[in-house]
1. I'm told A:GLY122 meets every condition in (1) among the small types (Gly, Ala, Ser); (2) within 14 Å of another protein chain (Cβ to nearest Cβ); (3) buried (at least 17 other Cβ atoms within 10 Å of the Cβ) except one. Can you identify the failing condition by its number?
2. Just give me the residues in segment B:294-336 being aromatic (Phe, Trp, Tyr) and within 36 Å of the chain's Cα centre (by Cα), in sequence order.
3. Can you name the residue in segment B:908-927 that is of a type in the set (S, T, N, Q) and within 14 Å of chain A (Cβ to nearest Cβ) and is also nearest to B:GLU754 (Cα to Cα) among such residues?
4. Just give me the residues in segment B:702-718 being surrounded by fewer than 19 Cβ atoms within 10 Å (Cβ to Cβ), within 11 Å of chain A (Cβ to nearest Cβ) and in contact (Cβ under 8 Å) with a residue 12 or more places away in the chain, in sequence order.
5. Search segment B:665-692 for residues being farther than 22 Å from B:ASP737 by Cα and among the hydroxyl-bearing types (Ser, Thr, Tyr), and hand back the single one that is nearest to the other protein chains (Cβ to nearest Cβ).
6. Which one is surrounded by the fewest Cβ atoms within 10 Å (Cβ to Cβ) among residues in segment A:148-181 that are within 15 Å of A:ILE250 (Cβ to Cβ) and among the aliphatic types (A, V, I, L, M)?
7. Filter segment B:222-263 for residues that are in a loop (DSSP other than H, G, I, E, B) and aliphatic (A, V, I, L, M); which is surrounded by the fewest Cβ atoms within 10 Å (Cβ to Cβ)?
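Please treat every number below as a calculation from the coordinates, not as lab data. Values in this document were obtained by computation on a predicted structure and should not be read as measured data. Positions of Cβ are generated from backbone atoms using ideal geometry, with glycine treated the same way; all protein chains shown enter the neighbour counts.
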Amino acid sequence: MAESVTQLEALVPPRELRRGPQTPYQRGLGGLTDHLTAMAEGKTPLWWWILFIPAAFCAAVVLPSMLAYLISTGVGVWGNNVPVAWGWDIINFVWWVGVAHAGTLISAMLFLTRQHWRTAIGRAAEAMTVFSVMCAGLYPAVHVGRVWFAWWLFPIPLTTGMWPQFRSPLMWDVFAVNTYLVVSSLFWYMGLIPDLALLRDRAKTRVRKFTYGLFALGWTGSARQWHNYEKAYLVLSGLATLLVFTVSSIVGMDFATSQLAGWHETIFPFYFVAGAVFCGFGMVLVLLIPLRKWCHLEDIITPRHIDRVCKMTLMMGCIMGYIYVMEYFIAWYSGSPYDAWVFGHRLFGHYYWFGGWIMIGVNALLPQLFWIKKVRQNLKLIFVIAVLINIGMWFERFTIIVGSLYQDFLPSSWHPFYPTWVDACTFLGTLGVFFTMYLLFVRFLPMIAVSEVKAITPQADPHHPLGGAKGGQP
Amino acid sequence: MTGRRYWRSLDELSDTPEFKEWLHREFPQGASEFNDPVSRRHFVKIMSASFALAGLGLMASGCRRPEEELVPFSKAPEDGYNYGTPEYFATAMPTRTGAIPLVVKSYDGRPIKIEGNALYPGGNGSTDRYAQASILNLYDPDRAQRFTSGGKTVSRDEALKALDDLSKKFAANQGDGLAFLAESSTSPSRARLQKIIRQKFPKSQWFIYDAIDSGIHQRAATQAFGQPVRPIFHFDRASVILSLDCDFIGSEDGAHNHIAGFVKGRKPESNRMNRLYAVESLFTLTGLNADHRLRVAASLVGQVAAAIAARILNRPFTVPAGVDPKWISICASDLVANHKRTLVVAGQRQPMEVHLLAYAINSALGAIGGAVSLIPAPEMESKTYGQLAKYLDAGAVDTLVVLGGNPVYSVPGQMGWAKLQRKAKTIVRLGYYEDETFEISDWQFPAVHYLESWGDAVTSDGTLVPIQPLIQPLFGGLTELELLARVAGETQTNPYDIVRTTFASSAEAWKQFLFNGFLAAPAARPVNAVASAPEVKSASAPSARSLEVIFCRDAKMDDGRYANNGWMQELPDPITKMVWDNAVLISRKTAREFGLQNGEVVEITLNGRKVRGPIWVQPGMAEYSLGLALGYGRERAGRIGTGVGFNACKIFTGKHIETGATIRKTGETHVLACTQNHWSMEGRPAVRESNLDEFRKNPELAREMHEKEPPVVAPLYPNPLDQAEKKGLQQWGLVVDLTACVGCATCVVACQSENNIPIVGKDQVLRSREMHWMRIDRYYTANPARETEADSLLKDSEQQYERWIDDVQAVNQPMLCQMCEAAPCENVCPVNATMHDQEGLNVMVYNRCIGTRYCSNNCPYKVRRFNYLDFNKRPLADLKGPFYPTPLLHLTDGKWDLASWWKNPNTSSMRPEDEWDLLKMSKNPEVTVRQRGVMEKCTYCIQRIQRAEIAQKVKAGPSGNVRLKEAEGTIPKTACQQACPAQAIAFGDISDPDSTVSKWKGSSRNYAVLGDLLTKPRTTYLARIRNPNPAMPDYHEPYSTGEYEKHGGEFHAVEKGNS
């Protein structure tokens, strides 16, 4: 006996290599269910109302009034002008698309690579993806001069015989963003089905039972259903992973296919994917650090999860740094005086030099702090860094879009760009939409994938001392 | 235009009341509304021109076609009147010392576009800015539209009766106490009426006043040569031109004629290329185009002139401090060397002695009879406001008749004209606006526009031209001639009859006169005379304590008469590129000395009178010199012009150059709007220049200034044009000759007029949303040795402190759609709204455009303009940020916009009805008025191309000869090309090797802007050749070339296929 114990111990990896459990949650699966559905089933906490009311105000009052003002009055209510025909509209579009990326990446790619830690944060990140794609999609739709004709962007066979122009990257964008929205929504919703059924089964009122039941699509949890579910999930995650790359590549091509110095770069597709994932990880951290505390999920979303996201962020930050260096190298190596001008002026320019410094400082240099373990464990500091990363990535888009447009080829047409209050309020409105939807999601749906988390608890492992049907506490 | 007169029934012939009633009720739509004040709509009133058929004889119910016989110009349809076919009428726009012969296009009774009369022997079919913009004044909603007495509206009959009473009253006392204050005019009819008045009322007085005194050339010539003569300057005959502060290219009267002549003598490929020396203080268009420019205070120009005169006459001379004597002596030697082919001109703002000196030099060099010809001229009325003031002050004026002009605004401020004028017992005023003078008038008669009235005028070279109306007066109103005739108590008061009587020749000759638009008469015999050099009083140089002030004619406002003209307010000043403002122009050093920067409001004190205005640091200005443009600061101009800029007339004393001014900071600031913020070309070879001697050695020099091109690889997509081209009958192209272009900006206004381009207001210009399809880029180039690397890292607002701006060269570049064969705008449009046609045009489909604006981002020339805020439908007041009224909440004329839109989305607007109705009339029906949210740009005037192509197809019939050919004269002209006084634009078929445009493209000077981007533009440029004198101390290669090299530009041998 003693011998066998020794043998077993010999199989255990050394301490520094030993992985802890995916979750420190030690109680039984029933308790886990209670715990994970507490937010969706319990009383609405005060913090939720404090956040929800302003967010809902922005979403329901500020954004609609800004859009009504914009559409009734004209794009001129924004700060766009003629050298800078794209301003905050496209900056925010690209920024929201970027935010959207981490969710799918975490859910789908980490699913494919069997990274089990993703289960704790996957659902929350996917929801973030869906809501931010919605915000992103809003901008191209309303930024056009004649919104009432925006449907001409879609290939609809009409008697006029008019057809979109497929050479235009904006056309590719329409497909990319819409596909991404559809697939990521489906992916998110599919993952929700077992948990919706769970909520249905636990519902105490008829309304809840009916509503959850409606969306649970008759899920019974039979083995056949699980079998199909797993297959479909695998397929969708494969699709979604591809889309992570295509959508941002195409957003990058919106710029790269142009003539403009500062846009005309083959590195852009890769650059935009990396930037998007980077920005998305930043947003994941911004959302999860407070939520795990307020929703009492510290034992599900553990510092180890945060640590891993930090490491991913660090990697993306390094890639950003590499790209920034490459951009400067190419600008110099091309010998183009226009490129030289644009890139010189990003850092030392007439107006927007701060954008360049913020972009390099925050996106490439600041994440280097994550090399330090203490930083990766200091949640408050991580939160601050994550917020800064989101701001830095916003400025990166600002620098790319405005910084390249305002001083282009002929100096006679150079003109700076100043945003207006409508630009700011519209952005605030989209932030309101995002947070409103996110808060509703947190309040009414399980923000942790219950079935998935259960699968990685020690209790779910038949070989674990606590696992199997025999042990564990209820 | 009245066709043959048919009657519809015998009832009509007998003109019975029953028939009138029937006509009234049945046929003309809206006729009954005329008499119903409640439902009468403004629009119906003024648009009646459009539905009153020619020959119907319904004048009483509002037909706006003139009754008298007009002779349409040659292009009129042969079989009567065709709707939708434009007609052309010859007329003329009177100016101060001449007239511009015009051919005006009229659509359905509405004048739409003004062109120069190409048949007129003294012109080349071009016009000036003012003529192009004047058509907008016709449709100005703020025009005087009523007869008033004491500010109250009276009926026309009452007002005319008052004139009759006036006439009777003065007939009794020989006109004692009757005074006229008129603007200068060349009208023979007015002169005739004036003579009649003088006979009838011998004691009446006649005064002339113009804030801009263009008559000085004639007065000076008369004085210099001792007989009444008028000088005509033939710039084309001169090889060396010396301008003594004479902005003959910019602000002098008849500038477009001067430009035509100047450019004619400036052909680098020929043996003759003239050389221009300019001595000036303000940086003017003349200085910009000069080969040598001497920057000197305007008050010292006389001494420079005296020095040059002395040098020519081999007398000892002194030069003012700071002027290089070598400059003077070599310039003088150049003049002497080219004697008989020289021309010295003095500016209208310079005092008499400088003019006399100029004539003396011309005389000494034998230029009289060569580049200057003198023709006999009637003596000019010399009495002006000064004498009138004395009469008024003495209470000797019973009735003052103010004919046009706006003396309360424009008479020098020291006179206190408002109070003086009030000393007359009765003030009768004929005015185009209810302006500042309206307030101090007892009777106001609305004046008519020259396109609404009969008249005549004499051009600056002495040719008689008719002024024929194209439309009946929109708001009633009188011409100057009619008013004078009525005051004179003449029985003949119809202006047509007055002009016809003055013309006094056969009906056939009259018809021919109207048809041609000028009287082909033998030119007046030039007079030969000699002038001697006068003594020049020595003037002291201006200093910080005693600054010099130059009052100049504004390139846009003139003397304030275009203040309510939106096109003019929004036209960038040719030099400063400023819009919607004037400023105190000052040199960098002087500004530094006073610690001033752009936009700071200063108070200028001159002779104890003060005015406040914002500072603008102008490169190339002389030190201690302040440039103030007249014509701004109108207090009562209308909805466009009121309160724009500051009124320099407040310190104006009648002398255009004065010293002794001081300035003081006020601590206030004023935001100035310019359409071009960046001054330097940053070494980019957008404008390529070369000196003549260099150009002769290496004609390819300009083309070699080509940025490195990327290697051509197989394109991802084949260019659709490659296939489409084969189907095109013509291949359109355009070339701008930068040697010829002087930057006068006539093309910009012509384009605005032709293509229905809206104005956007100052606030929108500050946001860089102006809509001009064509702009003129003006770059200052500097001695590369004086520029530092750090200069290019400064903000635009800090350019004013940079050292290099003191002595600059400047270049112009008209920038319009380049019609790239590989257009970057096309492949980024997601909805195919911009694409190529088979004739090489990059066409813009407004109906399809949804406004993603990517095309603008991807256009390297930034010639696409986006309608951000419904600029057509919004009044100016609603175009000021940060809160633009939304139609959801806006009321127009008391009606809710949203409700009007719901009723009829196509006609609702946010403009008040009067403004909106006139705006609609003023639009060119051949060009779409673009909605908001749509991208727009230059089309090479595709409407003109289409009209020409259709006409050719109709003409060709079965012969199949549908191709337009320059040799056959069927190639249309673009609006900019037609208006250009310098003939700097060639447009045509590049697939026809004999076309002008092909020949220009074959020139060694031809290059494509940003050709290194491989956009293959169809619009190309001919490099600018300067002709400086190698012997001069300030000889140097064009600064732009040095800048190019300094920024790392290299010269590449010209490859095939480039540009």
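1. Condition not satisfied by A:GLY122: (2).
2. Here is the first cut: in segment B:294-336, the residues aromatic (Phe, Trp, Tyr) are B:317, B:327.
Scanning segment B:294-336 gives a single hit, B:TRP327.
3. B:SER909
4. Passing the criteria: B:LYS708, B:GLU709, B:PRO710, B:TYR717.
5. Only one residue tops the list, namely B:THR675.
6. Of everything passing the filter in segment A:148-181, A:LEU181 is surrounded by the fewest Cβ atoms within 10 Å (Cβ to Cβ).
7. Within segment B:222-263, the match that is surrounded by the fewest Cβ atoms within 10 Å (Cβ to Cβ) is B:ALA238.
Residues checked against (1) in contact with a strand residue (DSSP E or B) (Cβ under 9 Å, 6 or more places away or on another chain); (2) within 19 Å of B:ALA424 (Cα to Cα):
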residue: B:LYS168; (1), (2): no, yes
residue: B:ALA182; (1), (2): yes, yes
residue: B:LYS200; (1), (2): no, no
residue: B:ILE212; (1), (2): yes, no
residue: B:HIS217; (1), (2): yes, no
residue: B:THR222; (1), (2): yes, no
residue: B:ARG230; (1), (2): yes, no
residue: B:ALA238; (1), (2): yes, no
